[in-house]
Amino acid sequence: MSDHFADDIIAFLPNLRRFALSLCRNANTADDLVQVTVERAFRARDQFDPTTRLDAWLFRILRNAWIDMVRRQTTQGTEIDIDDAPDARVIDGVQTVETSLMLKSARAAMQSLPDDQRDVMMLICVEELSYKEASAVLGVPVGTVMSRLSRARIAVAKKLGINSDPARSSGE
């Protein structure tokens, strides 16, 4: 085990928060989820296998913490969308507006995906885990990860108006 376990975990805090936001869609809840994840990781640090990726282990802890949190919730308080934060967006010129609109469209397209597809897309496309690592985090076979990711990519492309089926040559 690395003597720098805390430093290693701190390096992954932005990634953990991003994944937490994709799960719960609320900044305060995401922060709570990251805190629970770090606490659990420190308590279970003796169980971490240093031959594996720390980020994949942390993502699994975070996902399990989210599942626990959802199961415990009997009532849900008021949630504020991250886009409603007044200081979250700065619009400065045409490029910034276009980029903001594209990101908003992409975020909306991803958020409209079923949870299983969105989770796979976040872990592989955003957090850059391998199919095998995402499979371990989610507890599903690699083939399931691949098919969910394929369906997610096609759905997002369709929602963004991207032609995901290029014209094929007839061979003539």
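None of the figures in this text is laboratory data; all of them are computed from the coordinates on show. Model, not experiment: these values are computed from the prediction. Here the Cβ is made from the backbone with ideal geometry for all residues, glycine too, and neighbour counts use every protein chain on show.
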Review point. Residue by residue through the range 116-131, which ³J(HN,Hα) values in whole Hz follow from phi under the Karplus form 6.51 cos²θ - 1.76 cosθ + 1.60 (θ = phi - 60°), with glycine and proline marked x?
Key: 5, 6, 5, 4, 5, 5, 5, 5, 8, 7, 9, 8, 6, 7, 6, 4
**Study point:** Whole-Hz ³J(HN,Hα) from phi, Karplus 6.51 cos²θ - 1.76 cosθ + 1.60, for the range 99-107, glycine and proline x
**Key:** 4, 4, 5, 5, 5, 4, 5, 5, 4
**Study point:** Local electrostatic count, Ser112, Cβ distance below 9 Å [Lys/Arg +1, Asp/Glu -1]
**Key:** +2
Point to revise | 5 angstrom amide H check on Leu160, placed H, neighbours 5+ away | key: none
Review point. Lysines near Lys104 by alpha-carbon distance under 25 Å, same-chain residues fewer than 8 away left out - which ones?
Key: Lys158, Lys159
Point to revise | Net charge of neighbours whose Cβ lies under 10 Å from the Cβ of Ile9, counting Lys and Arg as +1 and Asp and Glu as -1 | key: -2
Check your understanding: What GluC sites (Glu not before Pro) does the range 112-165 have in DSSP loop regions with at most 14 other beta carbons within 10 Å?
Key -> Glu128
Check your understanding: In whole Å, what is the distance between the alpha-carbon centres of the range 31-54 and the range 97-111?
Key -> 32
